[in-house]
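So the structure is just underneath, and the comments pick up after that.
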Amino acid sequence: MSMFVTQLKREFWENRGGFVWAPSAVAIAFTSIFLLGLLVAQSHIADAQIMGVKLSQLRIKMPDTVLPEILNGFQIFHSVIGLIMQMVLGIVLFFYFIGSLFDERKDRSVLFWKSMPVSDRDTVLSKIVAAMLVAPLIALAVTIVFNLLLVLLLGAFLSLNGINAWKLLLWQAAPLKVWLTLLAGVPVNAIWALPSIGWLMLVSSWARGKPFLWAVLAPLVCGVMLTVFDAMSSLSIPDTWYWKEVFWRGLASVSPWSFDVAGGFRFGINIDHRTQAFQLISLQSLLAVLTSVKTWIGAVAGVAMIAGAIHLRRTRELTD
């Protein structure tokens, strides 16, 4: 166990740029933009609005019909912040897995690590745990700090304009629900992402060069050929199924909260004043994933490809 923990620390220190600094940089950038927006709104305070409601109206009286929309808007606000950080994490994880077993062969460090009393299985598993447990927890911590910063800035802005933001808006928006749902989603995302993890690590352990091209172009060319054959022949080739269940899930399911089963969340949802917060991040989405058959079929395929990646790490020669 101590050796496995040591390997997790190794993964963290070698990839802290992606695990820590990438989400932190995005949080800082969005916080700066948000602060700039508040400063602009303060300079035009007569026309400033919160969720379509003029501040002048909030100062005088909170209409009963407006409050639910504002509270829902704030819940969406917290959910969108969480999803932004999850999308950044998805990009980081995609490139992490592509290079996870290729880079150590490229820089010859695999020769040193193989001289240590650590099995290939434990090495591969430590990379998966680092990416699907350590990195998401770090991203969640950054999300909480990011969220609190925005809430404090917004609270200060409202307070400067004579509105008790804590009592009326911020506490009732309950960002804690979003954070707990994101935390509950960490193991579910890991299960959903197994096909993508397996495919990317298999290519990373096999390719002698250009693992990105092999990982993306090979299934892309296969999908194009299926589509062409389907269009030019009378055969009923399930190319749509291939693009959704093989190509997309094999490459993009490593992105947290990218699942799309019945009732689940999907990126690209239209957000307007009628959108409910539970449509963005919810326990219902996680339950829909866990009760879907295709989740577990994909998980079995992912585990098989991870086993293949372990075998290739044991036998594959160095890169070109």
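Centre-to-centre separation between the Cα atoms of the range 185-202 and those of the range 119-167: 21 Å. Label separation (Gln284 vs Phe229): 4.0 nm, computed from points 7 Å beyond Cα along the C-beta direction.
Once you treat every alpha carbon in the range 122-163 as an equal point and sum by Debye, what is log10 I(q)/I(0) at q = 0.31 Å⁻¹? The calculated log intensity ratios at q = 0.31 Å⁻¹ are -0.91.
Convex hull volume of the C-alpha atoms in the range 182-226, normalised per residue: 98 Å³.
Once you've got the Cα coordinates, tell me which of Lys106/Lys244; Lys106/Lys127; Lys106/Lys294; Lys9/Lys177 are over 25 Å apart. From the list (Lys106/Lys244; Lys106/Lys127; Lys106/Lys294; Lys9/Lys177), the Cα-Cα distance tops 25 Å for Lys106/Lys244; Lys106/Lys294; Lys9/Lys177. Restricting the trypsin sites (Lys or Arg not before Pro) of the range 109-153 to loop positions (DSSP other than H, G, I, E, B) with no more than 14 neighbouring Cβ atoms within 10 Å leaves nothing.
Every number in this text was worked out from the coordinates using simple rules, so none of it is lab data. In this text the structure is predicted, and so the values were computed from the model without any measurement. Note that we place each Cβ from the backbone using ideal geometry, even for glycine, and neighbour counts take in every protein chain shown.
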